[in-house]
Amino acid sequence: MSWTKKILRVNLSSGTCTEEPLNMEWANDYLGQRGLATRYIVEETDPACDPLGPDNKLIMATGPLTGTMASTGGRYSVICKSPLTNAIACSNSGGFFGAELKFAGWDMVIFEGRAASPMYLSIEDNVAKLHPADDLWGKSCWEADKQLRTKHQDPQTRIAIVGRSAEQGCLYAAVVNDLHRAAGRSGVGTVMASKNLKAVVCRGTLGLGNIDNPEAFMETTKAGKAVLAENAVTGQGLPAYGTQVLMNVINEVGALPTRNMRETQFEGAANVSAEAMAEPRKSDGKPNLTTNGACFSCTIACGRISTIDRTHFSVKDKPEYWINSGGLEYEAAWALGPDTGVDDIDALTYANFLCNEDGMDPISFGSTVAAAMELFEEGAITTEQTDGVELKFGSAEALCWAAEVTAKGEGFGRDIGMGSKRLCEKYGRPELSMTVKGQEFPAYDPRGIQGIGLAYATSNRGACHLRGYTIASEILGIPVKTDPLESEGKADLVKAFQDATAAVDSAGLCVFTTFAWTMDDIAPQVDAACAGDWSPERMMEVGERIWNMEREYNAKAGLTAADDRLPERLTTLPANAGPATGKVSELDKMLPAYYTVRGWNADGTVTSDTHQRLGLPG
Amino acid sequence: MKITFKLYATLGDLLPSNAVRNVSTIEVPEDASLHNIIDKYHVPRELAHLVLINGVFVCDADRDQAGILKENDVLAIWPPVAGG
């Protein structure tokens, strides 16, 4: 088993909380978390619905290994239709909230309707209640979290919450849990706020006693942990340097998107790298990085806990930010740094703190600021819009100001909160938006790393690295090294990464385990925990089924092959530095091959054969 | 001839004392192989995972090739790392 087999359904329109059994037939086909929750979304919602209307539903879902002793078994996802992309959204988070939800006895919580006034949900084991949250509305995630802790008086309570950016309609607002972990992408926080739901406060004491084969589970999870510990990446590299170690790597290979992807190498990369985070600073002799941190049950511990230099302009008069909090991870550091041309590590850390404090996806935020900076430099926006701020590439002051006004939805912050696509459209330069399906790119340039361009273009939730992290193979040599400048063979690579990731997500594990684990390490853990035979082949089939189900949802939401496109800049403006100099993304070569590998029609629709083979709904 | 030599992450401490951050300039013979340089600076071969010349990956089999470097090339090395 390992599923609790129980769902909590919360109707915010009627104010009711009801228990219902988990659909185990679906669990067998979609495993849990991402896959299983999307199956419910497909069943219960109209893909054409308004993402911010009451007909959209939002699910917080765990996987069968969430809350277990499997390494990294603490993940949950937030699934709904995205207001940023109008496609399916599924944002995954670590921390401790997901495991707590499981300990309270729930596989998932489905939120439907819309409350008439702000509410929050409390869950204490079997008891779920909605409470008025008028006094929390208008507060940041951090303030509201503190207030709820004071009220509930249980230090072991875990809280998932939305900030002011979500309340103000920022289209890439996150759901933040445990203060600085987040279901970050695609505006899942915006959907939560649209339902007038401020927070979920959870305390679980029931534990998790329903492992199918406890003895085998002990053995397989122990073996899995040994693999992670002995692997140089998961045992040494990630805990010591975090994901930020990639800053210098990606810059060296000439695929670090710089200044809104105009360039492919950033002269200031070393100043905002993992190595820089470890250097003592002049003011107090302490480094930016305080320590690493782990999510529930994780034996990798890649997380960064950091401080900002107290003498830095951003915080010198703000002692409330003289704290240790979630520090820079690579994708966030890239969006806030190289993409905006800012190489001030304290400014980046401050902007990152604000993204956590008020629940903004730092990738989309930073990329949108980068687009705004280009619009400013091109004269499409002026100081008239920006309240006098010179919104230029490289300005740390402008970055910090942008974070402050966007977090609160003030002035030009409302424009930045629309995301890059809508911002660039509003100011008449849509070609300056570096997005796919309306979602901003992460930190790898598709001109210098060909496979990731295909992964961005075909990602079901818009541009994203976590839907098929081909960087592992193309740059890092995991599991095998492929040539990043070669587009041949990347269709198969992308499909394999996409399917495997969908399965890992749906188990409740962290995708970072796959730097060391293969499906041969993962499937035995799932098999021991869950009833039925869970072979590596079945896991991959589940992943493929989930991918195709998401694709069909998006098709019904109105997306077509025309949405599998990269911005023209990446297919026409050659890389200007590094090994990829002169190259553009060869998406047009890869995309038809990808459709074929997927078993889709030439127009990108799922064939009826593939639909039947995978047993897809509808 | 002179080349730029970069060691990152846990390998940074192995750079010569003239290094600034993770970068130094070193003198190497024209017929040096990458393994010659890796060994000279006491980089354990199993930790020389990501080896790049001017940003392009050099596979293990080519690291014994003499004369693979040119004047002013950039040799950058990482232990096994990942992120995302």
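The values are calculated or read from the model by the stated rules, or taken from the named source; none is laboratory data. Everything numeric here is computed off the predicted structure, so don't read it as measured data. Glycine gets a Cβ as well: all are built from the backbone with ideal geometry, and neighbour counts include every protein chain shown.
Points to keep in mind about this one:
- Residue ranges of helices (runs of 4 or more DSSP H) in region A:522-618 with at least 1 members in contact with a His (Cβ under 8 Å, 6 or more places away or on another chain) and not small (G, A, S): A:536-556
- For B:T10, the stated conditions do not hold, so it cannot be described as among the polar types (S, T, N, Q) and part of a strand (DSSP E or B).
- Conditions (1) within 14 Å of chain B (Cβ to nearest Cβ); (2) assigned to a helix (DSSP H, G or I): number failed by A:E267: (2)
- Some residue of region A:330-349 being under 26 Å from A:K139 (Cα atoms), among the aromatic types (F, W, Y), in contact (Cβ under 8 Å) with a residue 24 or more places away in the chain and outside any loop (DSSP other than H, G, I, E, B): no
- Residues in region A:570-588 that are more than 14 Å from chain B (Cβ to nearest Cβ) and buried (at least 19 other Cβ atoms within 10 Å of the Cβ): A:L570, A:V584, A:S585, A:E586, A:L587.
- Qualifying residue in region A:397-407 (condition: in contact with a Phe, Trp or Tyr (Cβ under 6 Å, 6 or more places away or on another chain) and within 12 Å of chain B (Cβ to nearest Cβ)): no
- Condition met for A:S535 (over 30 Å from A:R422 (Cα atoms), without any contact (Cβ under 8 Å) to a residue 60 or more places away in the chain and within 14 Å of chain B (Cβ to nearest Cβ)): no
- When A:A232 is tested against (1) at pLDDT below 95; (2) hydrophobic (A, V, I, L, M, F, W, C); (3) within 30 Å of A:M418 (Cβ to Cβ), exactly one condition is not met: (3).
- Against the criterion of being under 21 Å from B:V74 (Cβ atoms) and either among the acidic types (D, E) or within 14 Å of chain B (Cβ to nearest Cβ) (or both), A:V249 qualifies.
- Residues satisfying the stated conditions in region B:55-84, i.e. assigned to a loop (DSSP other than H, G, I, E, B), within 10 Å of chain A (Cβ to nearest Cβ) and surrounded by fewer than 18 Cβ atoms within 10 Å (Cβ to Cβ): B:C59
- For region B:20-42, taking the residues that are assigned to a strand (DSSP E or B) and in contact with a strand residue (DSSP E or B) (Cβ under 7 Å, 6 or more places away or on another chain), the one that is nearest to the other protein chains (Cβ to nearest Cβ) is identified as B:V23.
- Subset of region A:114-129 (residues that are of a type in the set (G, A, S) and surrounded by fewer than 20 Cβ atoms within 10 Å (Cβ to Cβ)): A:A116, A:S117
- In region A:304-343, residue surrounded by the most Cβ atoms within 10 Å (Cβ to Cβ) [restricted to those that are under 18 Å from A:P239 (Cα atoms) and either of a type in the set (A, V, I, L, M, F, W, C) or not assigned by TED's automatic domain parsing to the domain that holds A:A278 (or both)]: A:A333
Quick grid of which residues meet (1) of a type in the set (V, I, T); (2) assigned by TED's automatic domain parsing to the domain that holds A:A87; (3) over 26 Å from the mean Cα position of the chain (by Cα); (4) closer than 30 Å to A:T220 by Cα:
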{"position": "A:A528", "(1), (2), (3), (4)": "no, no, yes, yes"}
{"position": "A:G532", "(1), (2), (3), (4)": "no, no, yes, yes"}
{"position": "A:E552", "(1), (2), (3), (4)": "no, no, no, no"}
{"position": "A:K556", "(1), (2), (3), (4)": "no, no, no, no"}
{"position": "A:A561", "(1), (2), (3), (4)": "no, no, no, no"}
{"position": "A:D564", "(1), (2), (3), (4)": "no, no, no, no"}
{"position": "A:R569", "(1), (2), (3), (4)": "no, no, no, no"}
{"position": "A:G582", "(1), (2), (3), (4)": "no, no, yes, no"}
{"position": "A:K589", "(1), (2), (3), (4)": "no, no, yes, no"}
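- Qualifying positions in region A:267-300 - within 20 Å of A:I363 (Cα to Cα) and under 24 Å from the mean Cα position of the chain (by Cα): A:A269, A:V272, A:S273, A:A274, A:M277
- Where A:G138 falls short, out of the listed (1) touching a residue at least 60 places away in the same chain (Cβ under 8 Å); (2) on the phi > 0 side of the Ramachandran plot: (1)
- Only one of the listed residues (A:L228, A:L238) is assigned to a helix (DSSP H, G or I), crowded, with 24+ Cβ neighbours inside 10 Å and within 14 Å of chain B (Cβ to nearest Cβ). That residue is A:L238.
- Odd one out for A:R262 among (1) of a type outside the set (A, V, I, L, M, F, W, C); (2) over 21 Å from A:A351 (Cβ atoms); (3) more than 9 Å from chain B (Cβ to nearest Cβ): (2)
- Of the residues making up region A:502-513, those that are among the β-branched types (V, I, T) and surrounded by 23 or more Cβ atoms within 10 Å (Cβ to Cβ) are A:V504, A:T513.
- Subset of region A:130-163 (residues that are surrounded by 14 or more Cβ atoms within 10 Å (Cβ to Cβ), touching a strand residue (DSSP E or B) at 6+ places or on another chain (Cβ under 7 Å) and not in a loop (DSSP other than H, G, I, E, B)): A:L130, A:H131, A:C141, A:A144, A:D145, A:L148, A:H152, A:R158, A:I159, A:A160, A:I161
- Only a single criterion out of (1) more than 8 Å from every other protein chain (Cβ to nearest Cβ); (2) modelled with pLDDT under 95 is not satisfied by A:T220, namely (2).
- Criterion violated by A:D492 - all others in (1) surrounded by fewer than 23 Cβ atoms within 10 Å (Cβ to Cβ); (2) more than 10 Å from chain B (Cβ to nearest Cβ); (3) assigned to a loop (DSSP other than H, G, I, E, B) satisfied: (3)
- Test: residue in region A:191-206 that is more than 26 Å from the chain's Cα centre (by Cα) and more than 14 Å from every other protein chain (Cβ to nearest Cβ): yes
- The residue that is surrounded by the most Cβ atoms within 10 Å (Cβ to Cβ), counting only those in region A:443-476 that are within 11 Å of chain B (Cβ to nearest Cβ) and β-branched (V, I, T), is A:I452.
- Against the numbered list (1) over 23 Å from A:R551 (Cα atoms); (2) in a loop (DSSP other than H, G, I, E, B), A:L509 comes up short only at (1).
- Lone qualifier among A:K81, A:K57 - being touching a Pro at 6+ places or on another chain (Cβ under 6 Å) and under 28 Å from A:Q439 (Cβ atoms): A:K81
- Single unsatisfied condition, B:Y8 versus (1) free of Cβ contacts under 8 Å to residues at least 40 places away in the same chain; (2) within 14 Å of another protein chain (Cβ to nearest Cβ); (3) in contact with an Asp or Glu (Cβ under 7 Å, 6 or more places away or on another chain); (4) within 25 Å of A:K481 (Cβ to Cβ): (1)
- There is at least one residue in region A:477-487 that is part of a loop (DSSP other than H, G, I, E, B), surrounded by 24 or more Cβ atoms within 10 Å (Cβ to Cβ) and either away from chain B (no Cβ under 12 Å) or touching a residue at least 12 places away in the same chain (Cβ under 8 Å) (or both).
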